[in-house]
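I have placed the structure first, in the form of structure tokens, so that the comments after it can refer back to it.
The values are calculated or read from the model by the stated rules, or taken from the named source; none is laboratory data. Note that the structure is a prediction, hence the values are computed from the model and not measured. Note: ideal-geometry Cβ built from the backbone for every residue, glycine included; neighbour counts use all protein chains shown. Calculation scope for accessible area: heavy atoms of the full protein, side chains included, ligands and nucleic acids excluded. Shrake-Rupley method; radii C 1.70, N 1.55, O 1.52, S 1.80 Å.
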Amino acid sequence: MVYTVDKVDWQSEKSQLQHIRERVFVYELHIPKRIEFDNLDALAQHILVTDNMHSPVATGRLCNDGLIGRIAVLPQHRNRHVYKSLLNFIVKLAAEQGIEAISINCILNEVERFKNNGFTVQGHVFMEAGIPRQRMQCPIACFETRPFTLVH
């Protein structure tokens, strides 16, 4: 299958972006809707992945500080190609804007895997939607998609 990755505007593509994120985060992972959609959505840059039928299959966002988040991929499209394409697009977008390091908020049991792939711990463990997380950071020059599997 061929996928297309594009930067999209939150306001004009809000319904498609919300649809994917609701299916993954709210219905599948039981994240409260009030937590899933936040004030950063209006400020972040959003990416939309579509399949060869132009149907939305995945999304992610990049915040101004280099935080990558809200990576959501519909179940039938969870494959290495989609994740790699989406993440590489986001990191390229960050680099074009002069962001030198990207960060993610990963779940605790994945901290070591990210550390082994060039990420360093930033700050303290915190709770997000009832899930303990750790902010991890990596210089863009060292970024690889290898440690990312299911990053929902």
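Any residue at all in segment 135-145 that's closer than 28 Å to Arg34 by Cβ, outside any helix (DSSP H, G or I) and touching a Cys at 6+ places or on another chain (Cβ under 9 Å)? Scanning segment 135-145 turns up at least one residue that is closer than 28 Å to Arg34 by Cβ, outside any helix (DSSP H, G or I) and touching a Cys at 6+ places or on another chain (Cβ under 9 Å).
Is it the case that some residue within segment 90-110 is in contact with a Cys (Cβ under 9 Å, 6 or more places away or on another chain), outside any helix (DSSP H, G or I) and within 23 Å of Leu29 (Cα to Cα)? Within segment 90-110, one or more residues are in contact with a Cys (Cβ under 9 Å, 6 or more places away or on another chain), outside any helix (DSSP H, G or I) and within 23 Å of Leu29 (Cα to Cα). Can we say Ile20 is at pLDDT 95 or above and assigned to a helix (DSSP H, G or I)? So Ile20 passes the test. Taking each residue of segment 54-68 that is under 20 Å from Glu22 (Cβ atoms) and open to solvent by 20 Å² or more (accessible area, probe 1.4 Å) and looking for partners that are part of a strand (DSSP E or B) and among the hydroxyl-bearing types (Ser, Thr, Tyr) with beta-carbon atoms closer than 7 Å, six or more apart or interchain, yields Pro56/Thr50.
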